[in-house]
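Readers should treat all values here as calculations from the given coordinates under stated rules, not as data from a laboratory. Everything numeric here is computed off the predicted structure, so don't read it as measured data. Please note: Cβ atoms are built from the backbone with ideal geometry, for glycine as well, and neighbour counts cover all protein chains shown.
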Amino acid sequence: MAKFEKGHKLATGRPKGALNRSTEQAKLTIARIANRGLDNISEDLEKIRKSDPIEAAKLYLKLLEYIVPKKAQMEISGQLDHRIQQISININKGTKDELGN
């Protein structure tokens with residue numbers, strides 16, 4: 001009777017990261033459907049825009065998220081060491097000629 005060494009495998013099996021046939025076929029089918037949809041997206045958006053412009057605008061904005069990156073929100077906090085000592089406001093009443101303008 002043959003003995004096997006520890007860690008020895010009879011077959012190598014599927015390589016790491018390789019998809020099985022059904023997963024590969026499913027991904028290919030979804031990619032084909034998506035490509036067909038992208039080919040017609042301009043006409044579809046135009047039809048939606050004519051019937052419901054607000055919904056079309058929402059769809060445009062959703063599509064833009066995949067093209068234009070969102071800006072990260074930043075919060076800046078701190079303390080100023082300067083104090084305001086005096087604020088002067090002069091209000092002059094009169095015509096332009098009286099004010100020297």
(request) Can you check what the net charge comes to around I48, using other residues whose Cβ is under 15 Å from the Cβ of I48 (Lys, Arg +1; Asp, Glu -1)? (result) 0
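Could you line up I41, I48 from fewest to most neighbouring Cβ atoms inside 10 Å?
I41, I48
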(request) Compare the peptides 52-59, 72-79 by average per-residue count of other Cβ atoms within 10 angstrom and give them in order, highest first. (result) 52-59, 72-79
